[in-house]
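Rule-based calculations on the coordinates, nothing more; no lab input. Just so it is clear, the model here is predicted, and its values are computed rather than measured. Methodologically, a virtual Cβ is constructed for each residue, glycine included, from the backbone with ideal geometry; neighbour enumeration extends over all protein chains shown.
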Amino acid sequence: MSKNRRTVRGVGLVALALGSMLAAPLAAQAGDHEALSSRIQDFLHAENAGVGDHVTVDINTPLANLKGCRDAQPFLPGRANRTTGRITVGLHCSGGGEETRYVQADVRVFGTYYVASRDIQTGRTLEAGDLTPRDGDITRNLDRLPANEKAIIGQQARRRIGESQAIVANMLTAPDLIRRGERVKIVSRGPGFSITTRGRALDNAAAGTSLRVRTDNGTVISGIPRSAGVVVISP
């Protein structure tokens, strides 16, 4: 074997050895990053347990920036009460001294929501045929979506809702059980007694809201509608 060939072979062996030496810490770092990513994702999934049908988490901060953050304990900083959308996650790190790091994450929630199957005019009482279920990203409207179909049916449209528009809670209002000027039965209840009189409603009112009623003798009192045409007065 010539001297040149022995030299080339020697250089190759040295390069291979150096490559192995460098690959080991890189592989270890990759494993650390994967473990840290899993810990952050598990934390955010737990924070959003039971929300929607499923949740996705994307960590936007390069985990290479967190070198040296060992045994990280994720937390939500300050008084953060929002756990979806673009959020900040804190990490209590150990190893080389206690310190706190922060990462940015994007948490998306997917589930079922309802859209108008036709144009719905203001004041219309919604029926099952007015609704079409859809599945998709509900993150933006998460706090405004009615819980289910039953929470929509029987409600009145506060304003016009266009076909295919997502239905959110502030578009709806409970229908009036009693209309202003309507003759009503007034039921006064207390311990051991119940008295029924008649009067006329001075306000529109939905179930569970307060309204004023003028009795037939001219007295104005306040009560709660319990059913159509019935107002209950409790001491």
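Note on residue 117 and residue 42: the extension gain reaches 23.2 nm, defined as 0.36 nm multiplied by sequence separation minus the Cα-Cα distance. From the alpha carbon centroid of region 176-235 to that of region 42-104 is 54 Å.
What the Cβ-Cβ distance of residue 128 and residue 224 gives, at R0 = 25 Å and to the nearest 0.05, is a FRET efficiency of 0.30. Here the dipole of region 112-173 is about 240 debye; that uses its Cα centre as origin and unit charges on the Cβ of Lys and Arg (positive) and Asp and Glu (negative).
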